[in-house]
Amino acid sequence: GQQLNQSPQSMFIQEGEDVSMNCTSSSIFNTWLWYKQDPGEGPVLLIALYKAGELTSNGRLTAQFGITRKDSFLNISASIPSDVGIYFCAGALIQGAQKLVFGQGTRLTINP
Amino acid sequence: NAGVMQNPRHLVRRRGQEARLRCSPMKGHSHVYWYRQLPEEGLKFMVYLQKENIIDESGMPKERFSAEFPKEGPSILRIQQVVRGDSAAYFCASSPMGQSYGYTFGSGTRLTVV
């Protein structure tokens with residue numbers, strides 16, 4: 001089935017550093033989403049992308065929908081302790097489709 | 001203004017027992033989705049339901065698993081004769097119409113089979 005490869009699997013950074021993570025696929029996705037999951041909780045939507053090439057920001061977060069429709073990246077600038085968690089990319093094969101395919105996640109740890 | 005409510009938060013079952021997981025969607029949402037998350041993995045789609053209808057169950061195991069979303073009451077994910085491999089976090093999400101970017105996830109039910 002469809003798979004999203006997310007990298008890196010984990011990151012250990014200092015507070016204040018910028019973070020970059022990405023997601024790639026062998027299939028074309030027409031919607032890309034980025035979620036954050038805190039321990040013991042469900043994923044929370046951070047950014048949604050609907051058009052190839054689209055660059056969208058949400059505060060310190062910026063995400064891009066790759067031109068080939070097979071990749072996306074998420075950047076976090078000036079990290080703070082509450083950014084700790086697991087970040088997941090997710091894609092929908094058909095825009096507006098109900099079924100999402102999730103990546104394996106990037107676990108972010110921040111040293112104060 | 002409650003979000004998606006899942007209960008119980010934690011459920012322990014012995015092998016062979018039945019597990020029932022409940023999901024009450026957000027007010028005004030008529031579409032429900034169930035996902036399963038194994039430890040250290042991403043979420044895997046299981047089933048998409050509207051009121052009284054199963055729309056897409058392509059991610060549901062063929063045996064022992066069933067889901068419903070009745071006209072009244074919460075959506076139920078039922079796992080019969082649980083096995084150790086069913087231990088996972090089960091998340092429910094809801095949306096006001098069939099759109100993936102409209103998902104709101106609940107906090108999940110952590111099922112442990114002993």
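Below are the figures for this structure:
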quantity: Chain lengthening between A:Tyr50 and A:Ser27 when straightened (0.36 nm per residue, less Cα-Cα); calculated: 6.7 nm
quantity: 3J(HN,Hα) from dihedral phi, the range A:71-80, Karplus parametrisation 6.51/-1.76/1.60, rounded to Hz, x for glycine, proline; calculated: 7, 7, 10, 10, 10, 10, 9, 6, 4, 10
quantity: FRET efficiency, 1/(1 + (r/R0)^6) with R0 30 Å, evaluated for B:Gln17 and B:Asn53 via beta carbons; calculated: 0.60
quantity: Distant-in-sequence amide H partners of B:Gly108 (H built 1.01 Å from N, under 5 Å); calculated: B:Gln6, B:Cys92
quantity: Cα-projected label distance for B:Thr112 with A:Ser57, points at 7 Å along beta-carbon direction, nm; calculated: 4.5 nm
quantity: Volume in Å³ per residue [convex hull over Cα atoms, computed for chain B]; calculated: 98 Å³
quantity: DSSP-defined beta bridges in chain A - what % are antiparallel, rounded to 5; calculated: 90 percent
quantity: Backbone HN-Hα couplings from phi across the range A:104-112 [Karplus 6.51/-1.76/1.60, Hz, Gly and Pro as x]; calculated: 7, x, 10, 8, 9, 10, 10, 8, x
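None of the figures in this text is laboratory data; all of them are computed from the coordinates on show. On a predicted model such as this, the values are computed, not experimentally measured, just so you know. All Cβ positions, even for glycine, are placed from backbone atoms using ideal geometry, and neighbour counts span all protein chains on display.
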